[in-house]
1. Residue under question is residue 264, and the condition is that it be open to solvent by 20 Å² or more (accessible area, probe 1.4 Å) and of a type in the set (Phe, Trp, Tyr); does it hold?
2. Any idea which of 263, 207, 188 is over 29 Å from residue 287 (Cβ atoms), away from ligand 1 (no atom under 14 Å from the Cβ) and in contact (Cβ under 8 Å) with a residue 24 or more places away in the chain?
3. For residue 375, all conditions in the list (1) away from ligand 2 (no atom under 16 Å from the Cβ); (2) within 13 Å of residue 346 (Cβ to Cβ) hold save one; what is the number of the exception?
4. Where residues in segment 378-389 are part of a loop (DSSP other than H, G, I, E, B) and closer than 24 Å to residue 190 by Cα, which of them is nearest to ligand 2 (Cβ to nearest atom)?
5. Check segment 345-361 and report whether any residue there is over 30 Å from residue 177 (Cα atoms), outside any loop (DSSP other than H, G, I, E, B) and touching a residue at least 12 places away in the same chain (Cβ under 8 Å).
6. Just checking, does segment 315-324 include any residue being closer than 30 Å to residue 2 by Cα, open to solvent by 20 Å² or more (accessible area, probe 1.4 Å) and without any contact (Cβ under 8 Å) to a residue 24 or more places away in the chain?
7. Considering only residues of segment 267-294 that are of a type in the set (S, T, N, Q) and away from ligand 2 (no atom under 16 Å from the Cβ), which is least open to solvent (accessible area, probe 1.4 Å)?
Amino acid sequence: MISAQEFIARQDRLLAQCQPHSVCIIPAASLVTRSRDTEYLFRQDSDFWYLTGFEEPNAWLILSNHPRYGERYRAMVVQEKDKSAEIWQGKRLGAEAALARFSLDEAFELQELEEALLESIQGHEHVYYALGCHAQHDTLFKDALTTLREAPKESLAPKAIFDLLPILHEMRLFKSACEVAVMKAAAEITARAHKRAMQFATPGCFEYQLEAEIHHEFAMAGARAPAYSTIVGSGSNGCILHYTQNNAQIKDGDLILIDAGAEYQGYAADITRTFPANGKFTSAQRDIYALVLKAQKSVLDKLAPGVTLTEAMLHSAEIITQGLIDLGILSGSMADNLEQERWRDYYMHGVGHFIGLDVHDVGNYKSDGEDRPLKPSMVITVEPGIYISEDSDAPEQYKGIGIRIEDDVVITATGVEVLTADVPKEMDEIEALMRAK
Ligand code: GLY
Ligand code: MN
Ligand code: MN
């Protein structure tokens, strides 16, 4: 659990990186209509969550380092207490309780939003705001600026508007010990769910039934929702990278690729495992699986501070290219295959990505146009895969095989710590787990 102090410390670190005489404006997410008058399950905006841990929609966080406030000012605009809304939609914190919970200097009700924005922006030289993320928020923000630029207030209008996101997202890229602990919990919950699905799977069941088993285990372990749409691809559906239809009946002899991750206290896990529906890998499946696993383990061994994701990608591509040549799936020399990047016919995605509050988390992969070396406290996925579609030129026995193996790791001072090690990935271990059901 991220403590109230950690949220405050994040706000202070953000303010410390802003110009003097600055105000930061950070809106929360709003509800999104699903159909007619029903909404999707609410998901807080990751940036707003990172700074507050507040779970209600339609709030705004306002932070200032202006000397008029003694260089630290925190305010929030929150939904007002409303008897009818609370009967229908649930309790609201309200402005008064928000003051204490978030150590605010001021709390406003949503009906005072326009005034609160005007008051808090005026007299600041710089405003930090993420323009272009949300049209409705942008309109409110721009309306406040327009009003401030009008006489007689024009001397109070800000002189510069900065993008908040580069500062905030660089902060989010490096995980605190507490964040790593929460991500470890998300990973452990997710590992349990993958093991449950392996033990439940049997030819004849439907992909969405495995999805249900996964989501059941998430909930029973304390995570209500997945961090992204769960992928359960059986047979050649495993070759569709972001397959989410999950409506096919699983056949004897199929491999099942499950890419699923729990969201726990806002943080994502992202695990992929691939296993045989009937509990026994065929020899062709073993060939491809062994190759993906070799690449994945070799990347894990290689990762350390200073290594770039592009280097890790090329390392995995080299192993996979050599293996595909050995199996007769690629022809020609290693050098030609690498030069022409022929692996991309079978391994179409990157080796991994940052992960955190968002499954594909924020943070720059490049710095000054150069690949950025990994550093301790970054959390990334490692997920090579091989996907041999039915219409590929590969030998017949390999057609329709799609395999990805994905773990989440935190970069340490000397290498990596694997957060998702609880779910087996050795073929014999998977077969043993499936036999033990
Ligand atoms: N679950 C999406 C990904 O692995 O990137
Ligand atoms: Mn991933
Ligand atoms: Mn994934």
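1. So residue 264 passes the test.
2. 188
3. (2)
4. In the first step, residues of segment 378-389 are kept if they are part of a loop (DSSP other than H, G, I, E, B); the result is 378, 383-384, 389.
Right, trim to closer than 24 Å to residue 190 by Cα and you get 378, 383-384.
Working: 378: 14, 383: 5, 384: 11 Å.
By that ranking, first place goes to 383.
5. Yes.
6. Our first condition is that a residue be closer than 30 Å to residue 2 by Cα; within segment 315-324, this holds for none.
The answer is no, given that none of the residues of segment 315-324 is closer than 30 Å to residue 2 by Cα, open to solvent by 20 Å² or more (accessible area, probe 1.4 Å) and without any contact (Cβ under 8 Å) to a residue 24 or more places away in the chain.
7. 285
Table: residues versus (1) within 23 Å of residue 175 (Cα to Cα); (2) open to solvent by 50 Å² or more (accessible area, probe 1.4 Å); (3) without any contact (Cβ under 8 Å) to a residue 40 or more places away in the chain; (4) part of a loop (DSSP other than H, G, I, E, B).
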residue	(1), (2), (3), (4)
216	no, yes, yes, no
232	no, no, yes, no
238	no, no, no, no
242	no, yes, yes, yes
247	no, yes, no, yes
252	no, yes, no, yes
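The values are calculated or read from the model by the stated rules, or taken from the named source; none is laboratory data. In this text the structure is predicted, and so the values were computed from the model without any measurement. Cβ: placed from backbone, ideal geometry, glycine included. Neighbour counts: every protein chain shown. Only protein heavy atoms, including side chains, enter the accessible area calculation; ligands, DNA and RNA are left aside. Shrake-Rupley method; radii C 1.70, N 1.55, O 1.52, S 1.80 Å.
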